[in-house]
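The values are calculated or read from the model by the stated rules, or taken from the named source; none is laboratory data. Just so we're clear, the structure is a prediction, and the values are computed from it rather than from any experiment. As a convention, Cβ positions derive from the backbone with ideal geometry for all residues, glycine included, and neighbour counts pool all protein chains shown. When the accessible area is computed, the model is the full protein with side chains, heavy atoms only, and any ligands, DNA or RNA have been set aside. Shrake-Rupley method; radii C 1.70, N 1.55, O 1.52, S 1.80 Å.
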Amino acid sequence: MKMLINVAETVVADALRGMAAAHPELTVDVENRVIVRRDAPVAGKVALVSGGGSGHEPLHGGFVGPGMLSAACPGEVFTSPVPDQMLRAAAAVNSGAGVLFVVKNYTGDVLNFDMAAELAEDEGIQIAKVLVNDDVAVTDSLYTAGRRGTGATLFVEKIAGAAADEGQPLERVQAVAAQVNENSRSFGVALSACTTPAKGSPTFDLPAGELELGIGIHGEPGRERRSMMTSGEIADFAVHAILEDMTPRNPVLVLVNGMGATPLLELYGFNAEVQRVLTQRGVAVARTLVGNYVTSLDMAGASVTLCQINEDLLRLWDAPVRTAGLRWGM
Amino acid sequence: MLDADFFRRWMTATAASVAREAERLTALDSPIGDADHGSNLQRGFTAVAAVLDKEETETPGAVLVLAGRQLISTVGGASGPLYGTLLRRTGKALGDAAEVSEEQLTEALRTGVDAVMQLGGAAPGDKTMIDALVPAVAALPEGFAAAAAAAEQGAEATTPLQARKGRASYLGERSIGHQDPGATSSALLIAALAEAGGK
């Protein structure tokens, strides 16, 4: 496997140095692995901190900036960051109005953020948390660690970030974030496994001519394997899996997300099929985002996330945002 | 009686064994996890060995608390908080005695394992590190070697189980047939205890 890297051990640090060079509007602490918007702390405003394993770029560092995250902590590849990073980030961005931790439901992320919250509160920083768990491929939480946090993370970070930018108080920002999560569902498919730099070979074996349905974002296999399907068949499967779990009352936000190695040509084609299925099912679409946002290294494939919204959430979605990975209106 | 030196030897032996077995742990983590358990633990225990080399620790409790803190600060993922909590809580239970008996260590480890179960919400049979640690603590009164053998058997016994916690749980029935990497690394930790006791 060829990769554009030096050695596996420095992949994350090398990427952070490059990110710092490309984005002078960010403060990138390469040694301690914290990415902070340069104007933080913003007086009187709630701060948003997120983080997780590296390998999901642009999530989360690419979503740091006005209108979205205040800071992000990237861990090792597919490994959650450590509490020290989260504490450092919280201290850097806290203006006194409190900090919201946006946590994806993976055991490591949950445990480390919990420990960081305790440490931060010991230092007098008010912390609230939202747990993102939108993945309908995980069905029975009695026998699993619960639904994974995947594509909805982007919706939560954008919409709650806008609420914080408006000057809403911590409990309100947390409530908005929780509302977005509760109204979001995702389903992902893989056409190939990904290769982590440390391992150097695909994380699971997926023969040519087959695909994995119901994958997460860490190169883990999904809930079932089938013979390769067309874009239209995959869209049918994914959207139906989501709508089995949620009956949207409102128009929805749609995220058609690439896993890292699927070209936009295919993603846009897939989006056409997703929109077709939604129309057939009578679901109105308010906004659609197509691109690589919550990725899984070089995995080929895509995920679909739907979020049912109301006027208030749509206004916050449309609010200006200026980050490396998402930018409009300013 | 076991002094701080013994506990430093235990941690150093764990670091060496995790480094030796890192590739195997990662290979076990590949089909049911995300193929980084070996490299993550190796990073953590290398840091533990380094900090124990640098900072003074005069009591068994201090050695384990420092090691636990170091793991929490360097490993990440679920393993960092879980292993960190195991050592930190075991160390705290040992208090500030300069030497502890094997009975006290057994009791303290039981406290540490309970804390891990509480933190991760896992019970025996969920296909996690608990499946090696619980039998190890139960066998400790018969000696370190017995505990190491019990941990090893416990790790092997995870193979036919379906995972209910951690990332492997997302695979459902497909997690069956693979030995749990966390139980395997826990068996290494207990084997290192026997190694430290043998010197």
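General observations
- Under 21 Å from residue A:45, Cα to Cα: lysines that are on another chain or at least 8 residues apart: A:129, A:158
- For the range A:30-44, 3J(HN,Hα) computed residue by residue from phi via the Karplus equation (6.51, -1.76, 1.60; θ = phi - 60°) reads 5, 5, 9, 6, 9, 10, 10, 5, 5, 8, 6, x, 8, 3, x Hz, glycine and proline entered as x.
- Between the range A:218-252 and the range A:47-71, the Cα center-to-center distance that results, in Å: 26 Å
- As a length-normalised measure over Cα pairs under 8 Å and 6 or more apart, the relative contact order of chain B settles at 22 percent.
- Counts of other chain beta carbons within 10 angstrom of each beta carbon in peptide A:194-203 average 4.
- Relative contact order of chain A, defined on C-alpha pairs under 8 angstrom at six or more residues apart (%): 18 percent
- Two-site FRET efficiency, residue B:101 against residue A:9, from Cβ-Cβ distance with R₀ of 41 Å, rounded to 0.05: 0.50
- Amide H partners (placed H, <5 Å) of residue A:34, local residues excluded: A:29
- The candidates A:165, B:131, A:122, arranged from most to least accessible area with a 1.4 Å probe in the full protein assembly, appear as A:122, A:165, B:131.
- Relative contact order [Cα under 8 Å, 6+ residues apart], the range A:117-176, whole percent: 27 percent
- Computed FRET value (nearest 0.05) for residue A:310 with residue A:268, which takes r as the C-beta separation and R₀ as 22 Å: 0.20
- Amide H to amide H, with H built 1.01 Å from N, residue A:100 comes under 5 Å of A:47, A:48, A:49, A:128, counting only residues 5 or more places away or on other chains.
- Here the protein assembly as shown carries DSSP beta bridges of which approximately 55% are antiparallel, counting only pairs with both residues inside.
- Candidate lysines for bridging to residue B:127, where Cα separation is under 22 Å - those fewer than 8 sequence places away on the same chain excluded: B:165
- Think of each Lys and Arg Cβ as +1 and each Asp and Glu Cβ as -1; about the Cα centre, that makes the dipole of chain A roughly 640 debye.
- Centre separation in Å (Cα based) which lies between the range A:271-330 and the range A:95-133: 26 Å
- Label-to-label distance, nm, for residues given as residue A:201 and residue A:38 (7 Å Cα→Cβ offset): 4.6 nm
- Within a Gaussian network of chain A (alpha carbon springs, distance under 10 Å), most fluctuating of A:76, A:121, A:171: A:121
- Zone of residue A:118's modelled label, taken as backbone nitrogen in the range B:97-130 under 15 Å from a point 7 Å along Cα→Cβ: B:112-121
- Rounded to the nearest 20 debye, the dipole size of the range B:1-95 about its Cα centre is 180 debye, using +1 on the Cβ of Lys and Arg and -1 on the Cβ of Asp and Glu.
- Helical mean residue ellipticity (222 nm; -39500 (n - 2.57) per DSSP H run of 4+; nearest 500) of chain A: -10000 deg cm²/dmol
- Cα convex hull of the protein assembly as shown - mean projected area over all directions, nm²: 22.9 nm²
- For chain B, Kirkwood radius (reciprocal of mean inverse C-alpha pair distance, Å): 16.2 Å
- The mean number of Cβ atoms from other chains found within 10 Å of a Cβ in peptide B:161-167 is 4, as a whole number.
- Within 10 Å of the Cβ of each residue in B:38-45, the mean number of Cβ atoms contributed by other protein chains is 3.
- Estimated [θ] at 222 nm from DSSP helical runs (n ≥ 4, -39500 (n - 2.57)) normalised by residues in chain B, nearest 500: -23500 deg cm²/dmol
- Between the range B:41-73 and the range B:120-199, the C-alpha centres lie 22 angstrom from each other.
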